[in-house]
Every structure is written in C-alpha cells, then in structure tokens.
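Enquirer: Structure below; questions to follow.
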Amino acid sequence: MKLASLKAGRDGRLVVVSHDLTKMADASHIAPTLQSALDNWKRAAPRLQSLAGELELGSIPSERFHEHECASPLPRAYQWADGSAYVNHVQLVRQARKAEMPDTFWTDPLMYQGGSDSFLGPRDPIPLADPEWGCDMEGEIAVITGDVRVGPSQEEAQRAIRLVMLANDVSLRNLIPSELGKGFGFFQSKPSSAFSPVAVTPDELEGMWDGHRLHGALQVRLNGETFGCAQTAVDMTFDFPTLIAHAAKTRALSAGSIIGSGTVSNRGADGGPGKPVKDGGVGYSCIAELRMVETITTGAPKTGFLKRGDRVEIEMLDNRGRSIFGRIDQTVES
C-alpha cells in the first residue's frame, strides 16, 4: 500500500493513495497520523491494507490525490539517521581533497543523526539565507522502521522495515568543513530535509525490493535537465538491514525512525569516477560529487551549488514508467 500525509497540523492527516497515485481515501478513522499507525502497526496495517484494496476497486469514496497538498510522510519524526551506504561517494570526496580513506569505511557504516523536528514537504521551497553556504541536494532512499531492539540481528532489522520512500537530504557544503573540524559533527550544515509525497510498503514495490535494497534508477533533475539516474542497488556497500542494525547497536529505535541511505552513487563502467549523463554516464545525485569528479579530472570544480530559483526534482519510476513515490519538486528561495 501507499501512504501519504496531507498538510494538517504538525503531523499531517493520514491518507491511503492508489497504486497509480491518482486517488486517495481518508484513513484518519484507522489512524489520524502516520506516526499513530506506526505506533500501532499490528492493528493498523491490516486495516489500512484493506482500505487500500477497496480504493483500488473503487468501492469506497475517494478524492483526487494532489502531491502539492502533501507534507513529507512523517512531517516530523522521533529519529532521522542518515548513513553513507554508497562508499563510492565518500571515496570521491576524500580523493578530491587528497585524503586517504580508512579501510574501515568499507566495513563500518558512516552515519549521522539529523534534525527531525521539521521536515520540508516534497513541494516546499528550500530556504537559503546565504548562497555562500553552498546549498546542495542529495538524492537518497530512506526507510521507516517499526520498533527495533538494541543489538538486533540482520533478520530482525530487515523485519523492522515498514515503509520505503525517497529523500532530498539538503546540505550546506561550505559550512561542513568548519563544523567537522570541531570534531563534533553536523548541525548548521544539515538543515531540514524533504521526503517523497508517498511512502510505500515493500510488498507494493513489485520485485524492485529484495528485502535489503531497492532496485531502480533514481532520477534527479536540475532545472529540468537530467542530472543523475544512478542505480540504487548498484555499489550500495551497506544495505538497509545493516544500516538499521548499525543505528541500533547501542540504543533501541522507536517506531517511526527514518534511516537514510546517503547519496546514491555509482562508479563509472571502468571502475573509476562516474561520468555526467551528457557524456554517457549515469550522472550524480548531488552537486558535490560532480564537483569532486571535476576536481579529480581537471584540477578544479566548475559547477556551482544551488542558487535562488534553481529547481530540484527527485523521482523513481516503476517498470511501466509510472512514478512510484511521487516527485520531490523543490525550488530554492532566499
């Protein structure tokens, strides 16, 4: 089934959305919000699934689904932990600044805890007070979990995955070095992120979900031009059960925790840095990676970060060319 939160109050109003994203049915009689449904998943999920079936059959009243009316599926969450599952991305960043990458980066995931109290809606503008901060998009996959105990097995972590969605993890690149230089992690350099209009149960993904990874091309467009179409199951060093188990190594995760993949990133066909789409590659899911490749190949970055008026779109299509999660579609505003 596909679930969305219409903008209403702080936590939205839960609706079930048709497979083709054209219709919706109110689900507030089952659970007023998605968080409420996640808190009572054993009871709520079968009823929501039944409602979704009735919606597909046309046997219940429905309304037209409009993505611009959506908040992120969880407008705020108890937990937002973003990993760096695509180590190729990390390797490029370090290579560009001539820094050696520890071998442990291939065996122990990187992860940071982001702000989760005020996510942007999928069609909300990206606020940018100062272009010098180096605003960037990051196209990602994310999952929403149920409750996860401390120290779960891989199988327990896999069973905890409730929903899958897309993310735009907004980053202020020029603020990152000084923050990391303090040795205390991200804060100001990681403003509010946005998620796709719809979150989808794994069974709805028609063979694109294998229990560990999502198989598909993440389409990232910048100002109407294809910027990236990386394959999300390729070069994913750490799968989602691994990321969840990593996050829950020393503390339990509450239902409604969001775990991100980090920037989706593919190597080039020759094993080296990937190429832009215009040069026959799959492109990139963030501007920083393109700048790193430019630095590696030409000695200096050429592409600028986001500025006022720039438009970012992130989407994934199924095997029939239909949008699965709806589209993140944001414009930078100062």
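Enquirer: Only residues that are charged (D, E, K, R), out of contact with any strand residue (DSSP E or B) (no Cβ under 6 Å at 6 or more places or on another chain) and in contact (Cβ under 8 Å) with a residue 40 or more places away in the chain: list them for region 303-320, please.
Expert: Scanning region 303-320 gives LYS307, ASP318.
Enquirer: Another question about this same structure. Look at ALA300 and say whether it is closer than 18 Å to GLY83 by Cβ and modelled with pLDDT under 95. Break it down into steps so the answer makes sense when it comes.
Expert: Numbers: closer than 18 Å to GLY83 by Cβ: no; modelled with pLDDT under 95: yes.
It is false that ALA300 is closer than 18 Å to GLY83 by Cβ and modelled with pLDDT under 95.
Enquirer: Here's a follow-up. Can you find a residue that is assigned to a helix (DSSP H, G or I) and surrounded by fewer than 16 Cβ atoms within 10 Å (Cβ to Cβ) anywhere in region 188-198?
Expert: Checked region 188-198: no residue is assigned to a helix (DSSP H, G or I) and surrounded by fewer than 16 Cβ atoms within 10 Å (Cβ to Cβ).
Enquirer: Any residue at all in region 56-71 that's closer than 19 Å to ALA160 by Cα and in contact (Cβ under 8 Å) with a residue 24 or more places away in the chain?
Expert: For region 56-71, residues closer than 19 Å to ALA160 by Cα and in contact (Cβ under 8 Å) with a residue 24 or more places away in the chain: absent.
Enquirer: Which numbered condition trips up PRO46, out of (1) assigned to a loop (DSSP other than H, G, I, E, B); (2) more than 25 Å from ASP239 (Cβ to Cβ); (3) not aliphatic (A, V, I, L, M)?
Expert: The one condition PRO46 does not meet is (1).
Enquirer: Against the definition (within 23 Å of the chain's Cα centre (by Cα) and either more than 30 Å from ASN319 (Cα to Cα) or of a type outside the set (S, T, N, Q) (or both)), how does LEU34 come out, yes or no?
Expert: Against the criterion (within 23 Å of the chain's Cα centre (by Cα) and either more than 30 Å from ASN319 (Cα to Cα) or of a type outside the set (S, T, N, Q) (or both)), LEU34 qualifies.
Enquirer: Can you tell me which residues in region 238-285 are farther than 30 Å from THR297 by Cβ and of a type in the set (Asp, Glu)?
Expert: ASP239
Enquirer: Is there a residue being without any contact (Cβ under 8 Å) to a residue 12 or more places away in the chain, more than 23 Å from SER189 (Cβ to Cβ) and out of contact with any Leu (no Cβ under 6 Å at 6 or more places or on another chain) anywhere in region 18-37?
Expert: Just the residues of region 18-37 that are without any contact (Cβ under 8 Å) to a residue 12 or more places away in the chain, to begin with: 29.
Right, trim to more than 23 Å from SER189 (Cβ to Cβ) and you get 29.
Next, only the ones that are out of contact with any Leu (no Cβ under 6 Å at 6 or more places or on another chain) stay: 29.
Checked region 18-37: at least one residue is without any contact (Cβ under 8 Å) to a residue 12 or more places away in the chain, more than 23 Å from SER189 (Cβ to Cβ) and out of contact with any Leu (no Cβ under 6 Å at 6 or more places or on another chain).
Enquirer: Hey, another quick one. Has region 171-187 got at least one residue that is under 15 Å from the mean Cα position of the chain (by Cα) and either closer than 23 Å to PHE325 by Cβ or surrounded by fewer than 18 Cβ atoms within 10 Å (Cβ to Cβ) (or both)? Quick ask: steps written out before the conclusion?
Expert: Kept after step one, since they are under 15 Å from the mean Cα position of the chain (by Cα), are these residues of region 171-187: 171.
Add one more test, that the residue is either closer than 23 Å to PHE325 by Cβ or surrounded by fewer than 18 Cβ atoms within 10 Å (Cβ to Cβ) (or both), and what stays is 171.
Yes, the conditions are met somewhere in region 171-187.
Enquirer: Let me ask you something else. Out of everything in region 210-259 that is among the acidic types (Asp, Glu) and touching a residue at least 24 places away in the same chain (Cβ under 8 Å), what residue ends up being least open to solvent (accessible area, probe 1.4 Å)?
Expert: The qualifying residue least open to solvent (accessible area, probe 1.4 Å) is ASP239.
Enquirer: State all residues of region 302-326 that are in contact with a helix residue (DSSP H, G or I) (Cβ under 8 Å, 6 or more places away or on another chain) and either under 15 Å from ALA230 (Cβ atoms) or open to solvent by 60 Å² or more (accessible area, probe 1.4 Å) (or both); if no residue qualifies, say none.
Expert: LYS302, LYS307, ARG308
Enquirer: Still on this structure: Tally the residues that are of a type outside the set (A, V, I, L, M, F, W, C), out of contact with any Asp or Glu (no Cβ under 6 Å at 6 or more places or on another chain) and open to solvent by 40 Å² or more (accessible area, probe 1.4 Å), restricting the search to region 285-301.
Expert: 4
The values are calculated or read from the model by the stated rules, or taken from the named source; none is laboratory data. Because the structure is a prediction, the values reported are computed rather than measured. All Cβ positions, even for glycine, are placed from backbone atoms using ideal geometry, and neighbour counts span all protein chains on display. For the accessible areas, the whole protein counts, side chains as well, though only heavy atoms, and no ligand, DNA or RNA atoms are used. Shrake-Rupley method; radii C 1.70, N 1.55, O 1.52, S 1.80 Å.
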